[in-house]
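Undergrad: Below is one structure. I have some questions about it.
The values are calculated or read from the model by the stated rules, or taken from the named source; none is laboratory data. Just so we're clear, the structure is a prediction, and the values are computed from it rather than from any experiment. All Cβ positions, glycine included, derive from the backbone under ideal geometry; neighbour counts span all protein chains shown.
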Amino acid sequence: MDAAEHNAWLRLLLTPGIGPRTAHELLAAFGLPHEVFSASRAALSRHVAPELADRLYAPPGAAVEAAIAGAERWLDASADRSLLTLADPDYPRALLETADPPAALFAWGRRDVLAAPALAIVGSRSCTQQGRETAHAFARSLAHSGLNIVSGLAVGIDAAAHRGALEAATESAAASTIAVIGTGIDVVYPASQRGLAEAIRARGLLLSEFALGTPALAHNFPRRNRIIAGLARGVLVVEAALRSGSLITARLAAEMGREVLAIPGSIHSPTARGCHRLIRDGAKLVESAQDVLDELHLPARAVPVADEGTRMPEQMSAELRAVLAALGHDPVDLDTLAQRCARAAGSLSAALLELELAQYVERLPGNRYQRLR
């Protein structure tokens, strides 16, 4: 791509009022971006509102020129930064086949990962420790099986999935992870994810359709979700409440003809209710990484996901064993647990703290406890 064409793509991306659908209509009508900007006002007015036609026909304003110059500087600063456009041969075919793929995406990291098939793993920000471990284990196993793991860099399930895939990439897996973000690609949100974002840039790929410097705006995250769904062959929901952005991603995936998969949880857990609704609505119930590969009709055999089941270490005291056995695998409040153990609630505190520190138990809101393994 020569400099003039590159500049025209950036102008198309950065001109106010041009979203994915408008960009597609203009490109379908006129061809490449420089042909859009060479068209007459009358021709442009047949496809966009008069105000936008005037903006496209006139030379770019100072603000757009500054945004283009800033983007050029950012892109030129490192070899692993690029602008991925609809005209690029390595634009993901899966995304290209969706209703409104971005005209261009800022990419930072390994663009080669776009060539491999992908699975989106999404879920709650306010997830349980068990949910984080499940997302991490599934992502690591499926990355070893050749699936890139796509998610949104949010805390909780997203972050765990990215880390699992990165662990597999470190272990020489063919696949890695792609983070599709809802801010400018130079903005990390939340800031606590900065270290994870840097690791993804080094061994995976960051993608954003938004202009550099775009802050975290609520209405941009649903837009981001369509890209997560569009890049992947399917979406796996690990934990999700009934009102969850993960369910939006799953709905978008279903509308695109992608597979929707969900991991069930306890009937008592709020973070499992979204998954249960998806399963009732026809999503594939997933119990193992191999279930995912089978549903996606991929021949690879999954690396087994570690499952400790009900095993307990031999050195665990009889008291702790009894408490752990009484917990079962559903969240339970302290009073109920005390009744099961035939002990006073206060006397259980030390045992539960010891189990929590050993990562056998997680304390949940409402003074409830969840067994992890």
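Each row is one residue, and each column tells you yes or no for (1) buried (at least 24 other Cβ atoms within 10 Å of the Cβ); (2) in a strand (DSSP E or B); (3) out of contact with any strand residue (DSSP E or B) (no Cβ under 7 Å at 6 or more places or on another chain).
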position	(1), (2), (3)
Ala199	no, no, yes
Leu206	yes, yes, no
Leu217	no, no, yes
Ala229	yes, no, no
Val235	yes, yes, no
Arg251	no, no, yes
Ala254	no, no, no
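Undergrad: Sticking with this one: For segment 219-244, how many residues are within 12 Å of the chain's Cα centre (by Cα) and either among the charged types (D, E, K, R) or on the phi > 0 side of the Ramachandran plot (or both)?
TA: 2
Undergrad: Now for a different question. Just name the residue that is nearest to Arg223 (Cα to Cα) out of those in segment 20-32 that are surrounded by 13 or more Cβ atoms within 10 Å (Cβ to Cβ) and in contact (Cβ under 8 Å) with a residue 60 or more places away in the chain.
TA: Among those residues, the one meeting the criterion is Pro20.
Undergrad: Which of the following residues is assigned to a loop (DSSP other than H, G, I, E, B) and either in the same structural domain as Arg233 (by TED's automatic domain parsing) or in contact with a Leu (Cβ under 7 Å, 6 or more places away or on another chain) (or both): Gln359, Gln290? Step through it out loud before you land on a result.
TA: Working: Gln290 fails: assigned to a loop (DSSP other than H, G, I, E, B).
Answer to the check: Gln359.
Undergrad: Determine the pairs where a residue that is more than 19 Å from Thr134 (Cβ to Cβ), located within segment 163-174, has a partner that is small (Gly, Ala, Ser) with Cβ atoms under 6 Å apart, the partner being 6 or more residues away or on another chain.
TA: Ala169/Ser176; Ala174/Gly146
Undergrad: Looking only at segment 237-249, how many residues end up being not in a loop (DSSP other than H, G, I, E, B) and not hydrophobic (A, V, I, L, M, F, W, C)?
TA: At the first step, the residues of segment 237-249 found to be not in a loop (DSSP other than H, G, I, E, B) are 237, 245-249.
Right, trim to not hydrophobic (A, V, I, L, M, F, W, C) and you get 245-246, 249.
Matching residues across segment 237-249 total 3.
Undergrad: May I ask you to say which residue of Ala87, Ala67 is among the hydrophobic types (A, V, I, L, M, F, W, C) and either assigned to a helix (DSSP H, G or I) or within 17 Å of Leu205 (Cα to Cα) (or both)?
TA: On the way: Ala87 fails: either assigned to a helix (DSSP H, G or I) or within 17 Å of Leu205 (Cα to Cα) (or both).
Criteria check complete, one pass: Ala67.
Undergrad: Oh, and also: If a residue has to be outside any helix (DSSP H, G or I) and closer than 24 Å to Ser126 by Cα to count, how many in segment 331-349 make the cut? Reasoning before the result, please.
TA: Residues of segment 331-349 that are outside any helix (DSSP H, G or I), as a first pass: 331-333, 342-344.
After this cut, where a residue has to be closer than 24 Å to Ser126 by Cα as well, the list is 331-333.
Result for segment 331-349: 3.
Undergrad: With surrounded by 14 or more Cβ atoms within 10 Å (Cβ to Cβ), closer than 19 Å to Ala272 by Cβ, among the basic types (Lys, Arg) and at pLDDT 85 or above as the only criterion, which of Arg340, Arg363 stands out?
TA: Arg363
Undergrad: Going residue by residue through segment 156-174, is there one that turns out to be more than 20 Å from Val113 (Cα to Cα) and modelled with pLDDT of 95 or more?
TA: yes
Undergrad: Another question, then. Among the residues of segment 45-64 satisfying the criterion of being out of contact with any Lys or Arg (no Cβ under 9 Å at 6 or more places or on another chain) and part of a helix (DSSP H, G or I), which is surrounded by the fewest Cβ atoms within 10 Å (Cβ to Cβ)?
TA: Ala62
Undergrad: All but one of (1) part of a loop (DSSP other than H, G, I, E, B); (2) crowded, with 24+ Cβ neighbours inside 10 Å; (3) touching a His at 6+ places or on another chain (Cβ under 8 Å); (4) not basic (Lys, Arg) hold for Ala173; which doesn't?
TA: (2)
Undergrad: Then there is this: Which is within 30 Å of Leu26 (Cβ to Cβ) and out of contact with any Gly (no Cβ under 8 Å at 6 or more places or on another chain), of Val150, Val188, Val180?
TA: After applying the criteria, what remains is Val150.
Undergrad: Please specify each residue of segment 265-287 satisfying the condition of being part of a loop (DSSP other than H, G, I, E, B) and modelled with pLDDT under 95.
TA: Within segment 265-287, Gly265, Ser266, Ile267, His268, Ser269, Glu287 qualify.
Undergrad: Also: For Leu352, are the conditions met, namely being within 34 Å of the chain's Cα centre (by Cα), at pLDDT 85 or above and in a helix (DSSP H, G or I)?
TA: Yes: the conditions hold for Leu352.
Undergrad: From the list Ala87, Ala67, which residue is out of contact with any strand residue (DSSP E or B) (no Cβ under 6 Å at 6 or more places or on another chain), farther than 22 Å from Ala175 by Cβ, surrounded by fewer than 18 Cβ atoms within 10 Å (Cβ to Cβ) and in contact (Cβ under 8 Å) with a residue 60 or more places away in the chain?
TA: Values: Ala67 fails: surrounded by fewer than 18 Cβ atoms within 10 Å (Cβ to Cβ).
Result: Ala87 is the single residue among Ala87, Ala67 that is out of contact with any strand residue (DSSP E or B) (no Cβ under 6 Å at 6 or more places or on another chain), farther than 22 Å from Ala175 by Cβ, surrounded by fewer than 18 Cβ atoms within 10 Å (Cβ to Cβ) and in contact (Cβ under 8 Å) with a residue 60 or more places away in the chain.
Undergrad: Among the candidates Leu196, Leu153, which residue alone is of a type in the set (A, V, I, L, M) and under 18 Å from Ala229 (Cα atoms)?
TA: Matching residue, one of Leu196, Leu153: Leu153.
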